[in-house]
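Below you'll find the structure, written out as structure tokens, and then a few comments.
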Amino acid sequence: MSLSQEEQENVYRLLYSGQLDSIQLGLKLAKTLKLDIQSFQAVVKDLYKRIYPDKDVSKIPLVRQINGLYQLKRMEMKDLNSPKILLLIMHLTQLTRLEISESQVTSIPPQINQLTQLEVLNISFNKSLTSLPDEIGNLTQLYKLEFWHNNLITLPEQIGNLKQVALLNATDNQMEEFPIGITRMSGLEVLALLQNKIRVLPPEIGDLTNVSSLYLAYNCLTTLPAEIGNLPILLELEVGRNNLISIPAEIGNLTKLMSLGLSYNHLTSLPVEIRNLINLKELSLKGNPMREETVAEIRSWLPGCKVSF
């Protein structure tokens with residue numbers, strides 16, 4: 001939608017202060033949001049009031065409101081239910097941290113790819129959100145990515161482009177398949193996918209050689225791939241509350257492991273290679289149908305470890 005000559009003149013009159021960049025930005029945003037001038041003012045005003053609740057926005061010229069928003073480095077937004085405000089946020093290209101939580105967000109605009117300075121992105125507690133745009137994969141400066149408590153059914157494969165992300169938390173969603181793009185996130189150190197519905201862990205999990213903490217509890221796993229043993233610096237592995245019936249012998253390769261959570265599965269035994277875990281301090285076996293003598297043998301293999309049963 002193009003602005004009419006009269007609307008453009010109104011924008012110049014509203015914004016005029018000698019700050020050409022702000023005028024151009026205002027015009028661009030108004031066009032992009034497909035709003036007339038009054039509606040555009042209202043959207044900017046609404047967002048500005050959310051960010052600066054102690055200021056009397058009626059006394060602040062629109063140009064200063066736009067400048068104040070455009071220069072923001074971080075934003076934490078709750079109770080957001082306006083797609084227009086969300087789209088406006090996608091144009092605040094100086095942002096390095098963005099949190100959108102407890103809102104009625106149903107989708108994230110593909111224009112998020114404009115936020116190339118983002119280092120932290122947290123989109124959580126949005127129960128109407130079922131997917132993310134592929135353009136997330138363009139945010140290559142990210143190092144922390146959180147998608148807690150949504151209803152995501154998958155993550156875009158392009159997430160694998162995010163090589164600097166050290167922490168990915170997508171706990172409490174609706175994913176039935178392990179998002180394969182994750183296995184290309186070579187910088188990952190902490191991966192949390194608890195409380196999903198994941199049935200199979202792919203062998204490519206072994207490519208995440210920088211992961212030190214892996215949390216997969218409360219899923220639907222029945223086995224772990226042998227490649228789980230390819231994680232040389234893994235310190236914590238939590239796979240409790242799944243449907244595991246066995247653990248691969250390769251678990252014994254995780255010699256740096258300090259904590260292993262296997263509670264509430266269907267395990268009747270563990271491979272003898274478990275005794276190679278010389279740094280293991282905590283092993284949880286609660287809720288498994290193991291015989292007492294089996295647990296006693298496991299304890300004899302791991303004399304320095306606290307075994308809970």
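All of the numbers you see were taken from the coordinates with simple rules; none came from a lab. Since the structure is predicted, the reported quantities are computational estimates derived from the model, not experimental observations. A quick note on method: Cβ atoms are made from the backbone with ideal geometry, for glycine too, and the neighbour counts reach across all protein chains shown.
Per residue of the range 197-211, in order, report the coupling 6.51 cos²θ - 1.76 cosθ + 1.60 (Karplus, θ = phi - 60°) as ³J(HN,Hα) in whole Hz, putting x for Gly and Pro.
With the stated coefficients, the range 197-211 comes to 10, 5, 9, 9, 9, x, x, 5, 4, x, 7, 8, 6, 9, 6 Hz.
First select every other residue whose beta carbon is under 15 angstrom from the beta carbon of residue 240; then total the charges, Lys and Arg +1, Asp and Glu -1.
Numbers: positive: 241, 286; negative: 236, 238, 282.
That works out to -1.
Only helices at least 18 Å long along their own axis, judged from Cα atoms, and with Kyte-Doolittle mean hydropathy of -0.5 or greater: name those in the chain from DSSP H.
20-33, 37-51
Would you mind computing, in nm to one decimal, how far apart the modelled labels at residue 111 and residue 130 are, each placed 7 Å from Cα along Cα→Cβ?
Taking the simple label geometry, residue 111 and residue 130 are separated by 2.4 nm.
May I ask you to evaluate 6.51 cos²θ - 1.76 cosθ + 1.60, the Karplus curve with θ = phi - 60°, for each residue of the range 224-240 and list the ³J(HN,Hα) values in order in whole Hz, giving x for glycine and proline?
10, x, 4, 5, 4, x, 8, 9, x, 10, 5, 9, 10, 10, 10, 10, x
Would you work out the relative contact order for the chain, in percent, from Cα pairs under 8 angstrom that are 6 or more residues apart?
Details: 726 pairs, mean separation 23.2, N = 309.
Averaging sequence separation for qualifying contacts and normalising by length gives 8 percent for the chain.
Would you grab the residues whose amide H sits under 5 Å from the one on residue 244? Only those 5+ places off in sequence or on another chain, please, with H modelled 1.01 Å from N.
Amide H neighbours of residue 244: 266.
Measuring from label point to label point, each 7 Å out along Cα→Cβ, what is the residue 57 to residue 249 span in nm?
6.6 nm
Can you give me the distance in nm between label points at residue 282 and residue 164, each placed 7 Å from the Cα along the Cα-to-Cβ direction?
Those two pseudo-labels are separated by 3.2 nm.
Just to confirm a number: summing +1 for Lys and Arg and -1 for Asp and Glu over residues other than residue 57 whose beta-carbon lies under 11 angstrom from that of residue 57, what do you get?
Details: positive: 45, 49, 50, 55, 59, 64; negative: 46, 54, 56.
Once positives and negatives cancel, what remains is +3.
Can you give me the long-range amide H partners of residue 100? Hydrogens built in the peptide plane at 1.01 Å from N, cutoff under 5 Å, separation of 5 or more residues or another chain.
Correct list: 77, 122, 123, 124.
Rounded, prolate or oblate: which fits the range 244-285, taking a ≥ b ≥ c as square roots of the Cα gyration tensor eigenvalues, rounded meaning a/c under 1.5, else prolate when a/b beats b/c? Don't skip to the answer; put the middle values down first.
On the way: a/c = 2.37, a/b = 1.37, b/c = 1.73.
Because a/c hits 1.5 or more and a/b fails to exceed b/c, the range 244-285 counts as oblate.
Give the separation of the Cα centroids, the range 35-98 to the range 100-125, in Å.
Distance between centres, Cα-based: 15 Å.
Would you mind checking 127/197; 84/144; 34/78 for any pair whose Cα atoms are more than 18 angstrom apart?
Numbers: 127/197 16 Å; 84/144 26 Å; 34/78 24 Å.
Exceeds cut-off: 84/144; 34/78.
Residue 191: net charge of surrounding residues, Cβ under 11 Å, Lys/Arg +1, Asp/Glu -1, itself excluded? Please report the intermediate quantities before stating the final value.
On the way: positive: none; negative: 189, 236, 238.
Net charge in that neighbourhood comes out at -3.
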